[in-house]
Every structure is written in C-alpha cells, then in structure tokens.
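Nothing in this text is a laboratory measurement; each read-out follows from the coordinates by a stated rule. Note that the coordinates shown come from a computational prediction; the quantities given were computed from them, not determined experimentally. Every residue, glycine as well, gets a Cβ built from its backbone with ideal geometry; the counts of neighbours run over all protein chains shown.
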Amino acid sequence: MSDASNILVTGGAGFIGAHTCEALVRAGFRPVIYDNLSNSNAAVLDRLERLTGSRPAFIHADIRDAHQLERVFTDTSFDAVIHLAGLKAVGESVEQPLHYYDVNVTGTLTLLAAMRQGNVRTLVFSSSATVYGDPATVPIHEDFPRQPTNPYGRTKMVVEDILADLAGSDPDWRFALLRYFNPIGAHESGLIGEDPSGIPGNLLPYVAQVAVGRRQELSVFGNDYPTPDGTGVRDYIHVVDLAEGHIAALTHLTAQGGFVTTNLGTGNGFSVLEIVQAFERASGRRIPLRFAPRRPGDIAACYADPSHANRLLGWKALRDIDTMCADAWRWQSRNPHGYGGKDGS
Ligand code: NAD
Ligand code: UDP
C-alpha cells in the first residue's frame, strides 16, 4: 500500500464520500478524508476501517479554511482530489442562499487555489442533475440546457463554469464534472449508509425510516403528474455504482487528461409508488402512505441518458432497484439510528 496514490476526498465522511472511500481502497488508492463533520459522523471512520482493513487518514476542517488546505497539500503529496464537501438541501438553499454560495462556491475556490499552490491539477467534482432544472424531454443528455431552479442548483452550475474557465486558462488542469442523479442504497455490508440529520428530505431515507418504525407514514408529494401512475419519476442509482463512477473518472483523467462532463445515472425512471413497492418487497414491511400536495419546485420526471459515461469512462451502473432497496434496508435495520445508534455488527 505504501506506493498507492493519495486521493484527497473532501466531504469524505458523508454518504457518497464514505462509499467513494471504500471504492478507492478497493481499487488500490489511499483516500484522505477532509471534512468538517457538519453533516456526518466520525464513527464512519471506524466503519471504513472494519470494511476495508485500513483506517483512512482524516483531517477535521472546513473547506473554506485556506490555511488548513494549504498545509494539507504541503504535508502530503496528492495525485488528485475528489470534491464532495458541500451543502445539498434545496429548501435550505432557498432560505440561506449566501451560506450555500459561501460553502459550495467559495469553498471550491479556496480548494482550487490551494490545489494550484500545491501543484495538484486533477479534480473530480460532485455536480448534480439538478443543473438541468425541468428538462423539456427525458432522458437527459449532457448537452441539454442548464437551467437550475433553486440556489443549490445554481451553486453547482457556477462551480461547473469556474472549472471550465480554469481549464481554458491552463491545459494542465484535468476535470471531471459528474452530474449525479438520485443516489440511494448502501454498501452491501450494512456498515455504511445514508444518515440524514433531522427529518429526511429525500424519498429513500424517509421510506426506510417509516419501514423501521421511526416515522408513521410517507407523504407522497403529488399524484397528478403526467407520469404513468401520477407520482414523480426519478433515476435512482446505487451509491456503490456512483462511487465506482468516481474511480472510472479518476482513471480516465489520469490516463487521458481533459475536461469531462457526464451524467451518472442508470437511464431507468421509477415512480414514488414503484419505489415504495420495491422497498416493501425488500423489507417485508408495509409502508403506510397518504397522498399530499405537490412539493414546490418538484418536476414530473428526471432520468439520465447514461450512454456518454458508458462510452467515455467504460462505466455503467450495475445494481438494480431491488438491490438498492435491499442494501438500504440492511443498513437501516441494523442501524436504526444511523451512526449515532447501535453498532451495525
Ligand atoms: P453529505 O451531506 O452526506 O456529504 C457532504 C459532506 O461534506 C458531509 O460529510 C459534510 O460534513 C461535509 N461538509 C459540508 N460542508 C462542509 C464544509 N464547509 N467543509 C468541509 N466539509 C463540509 O452529502 P452527499 O449526499 O454525500 O453529497 C456529496 C456531494 O454530492 C455534495 O456536494 C452534494 O451536493 C453532491 N450531490 C449529492 C446528491 C444526493 O442526492 N445525495 C445528488 C447530487 C449531488
Ligand atoms: N417524495 C415524496 N415524499 C417524500 C420525499 C420525496 O413523495 O417524503 C418524492 C418527490 O416529490 C420526488 C421523489 O420522491 O418525486 C424523489 O424526491 P427526492 O427528494 O428524493 O429527490 P429529488 O426530488 O431531489 O430528485
């Protein structure tokens, strides 16, 4: 392991970050986590150690801390950065736009300045399908117009533009902009998974918490959308497939350089009711639900054309919806209160 490439993973203690660290170790890289734990728990380090046999180095710091970042690149030689640190709640971004621009945009600028100083020029960035807003048609191709409908989505679009400008100024930079669709599921071990604080805003963690008895019933936001059963359709992707997409992007950038913008999705859309049924199959539990009004800002259907990532990176999502739900249920049922609760063994 001593000659493994060091990869700095900002936000590495979070949901996608933890799974990306696991995939990095499996692929022979050495992840170093940089995270302020504002939306994660240090217990993830113990879990990663149990899962991979090695404890990732951890720097507890903020992505906007220029001095700390400078020190990180001085102390350790990194081959690349995977940048996941950021805020992601749409509703909160409407209420606190300055905070969102500060963490997501200023944080990225601070990171890029430190990378330039430390002479590290390879970055994989966590963008989002949210940059497409309400697409005119589905599936969504990478050349569709970007028209995010909320401050969170706009922070992702601004960062995409900053990276494009930087790449234009200096050909040594190598960037992969990965537009994630809806990551769900958990590592099959049940040791790491999604652990949202407070009431989950996303469908899957909410359904999982109903199944485990933490919440009474699911509110289905809207049943009058122009979709087959009237409920919203999304492209749910297993978080381990998503994590492996980062390895494919990193490998591509290292071998060929360049500027890559690609969707990471499965190409399949599932409705809210289909997800509920899949989770009932996986858990053997009934999920009580009631129909509620549409959630403001929601769109009817959003799913990817994943063929670009397949052609360019040789990557494809492999895990189906039943596997996603079974893995999410294993995590939730063994850790009813997430990392803060009972041990997952
Ligand atoms: P997460 O909240 O679980 O992980 C983000 C991590 O960043 C957390 O561990 C948090 O503590 C850390 N962080 C937040 N602010 C920080 C700061 N100022 N300094 C240092 N660390 C900080 O979220 P996630 O789902 O793992 O998402 C990771 C990235 O992927 C985010 O940038 C998010 O916007 C993006 N993304 C997520 C989704 C999704 O549905 N989960 C979809 C598209 C894009
Ligand atoms: N949804 C729902 N009830 C919930 C949370 C979400 O009906 O408690 C619906 C939501 O309206 C959307 C789908 O589930 O149609 C996915 O929502 P999520 O917030 O997980 O992802 P996003 O809307 O950001 O793609």
Would you mind checking the tilt of helix 107-118 against the longest principal axis of the Cα atoms of the chain, expressed as 0 to 90 degrees and rounded to 10?
30
Which whole-Hz ³J(HN,Hα) couplings does the stretch 244-257 yield from phi under the Karplus relation 6.51 cos²θ - 1.76 cosθ + 1.60, θ = phi - 60°, glycine and proline marked x?
5, x, 5, 5, 4, 5, 4, 4, 5, 4, 5, 7, 10, x
Added length on full extension, which subtracts the Cα-Cα distance from 0.36 nm per residue, Arg71 to Arg146:
23.4 nm
Tell me, how many Å apart are the Cα centres for the stretch 181-203 and for the stretch 80-126?
21
Cα gyration tensor shape for the stretch 88-128, rounded if a/c is under 1.5, else prolate or oblate
oblate
Rounded to the nearest 0.05, FRET efficiency between Arg285 and Thr106 (Cβ-Cβ, R0 45 Å) equals 0.55
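Once you have a ≥ b ≥ c as the square roots of the Cα gyration tensor eigenvalues for the stretch 205-345, tell me rounded if a/c is under 1.5, and otherwise prolate or oblate according to whether a/b is larger than b/c.
Numbers: a/c = 2.52, a/b = 1.40, b/c = 1.81.
Cα axes put the stretch 205-345 in the oblate bin.
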Would you mind ranking Thr261, Thr106 by Cβ crowding within 10 Å, fewest neighbours first?
Thr106, Thr261
If you build a Gaussian network model of the chain, linking Cα atoms that sit under 10 Å apart, which residue out of Asp241, Asp224, Asp35 swings the most?
Asp224
Running a GNM on the chain with Cα contacts under 10 Å, which residue among Glu92, Glu280, Glu188 ends up with the highest mean-square fluctuation?
Glu92
Decide, for the stretch 25-85, between rounded, prolate and oblate: order the square roots of the alpha carbon gyration tensor eigenvalues as a ≥ b ≥ c, take rounded if a/c falls under 1.5, and otherwise choose prolate if a/b is larger than b/c, else oblate.
oblate
Test of understanding: in a Gaussian network model of the chain with alpha carbons linked when under 10 Å, which of Leu87, Leu204, Leu312 would top the mean-square fluctuation ranking?
Leu312
Scalar couplings 3J(HN,Hα) for the stretch 278-290 by Karplus 6.51 cos²θ - 1.76 cosθ + 1.60 (θ = phi - 60°), nearest whole Hz, x for Gly and Pro, are 4, 6, 5, 4, 5, 9, x, 10, 8, 10, x, 9, 9
Computed FRET efficiency, Cβ-Cβ of Ser5 and Glu217, R0 56 Å: what is it to the nearest 0.05?
0.75
Taking H as built 1.01 Å from N, whose amide H comes closer than 5 Å to the amide H of Arg174, not counting residues under 5 places away?
Thr122, Leu123
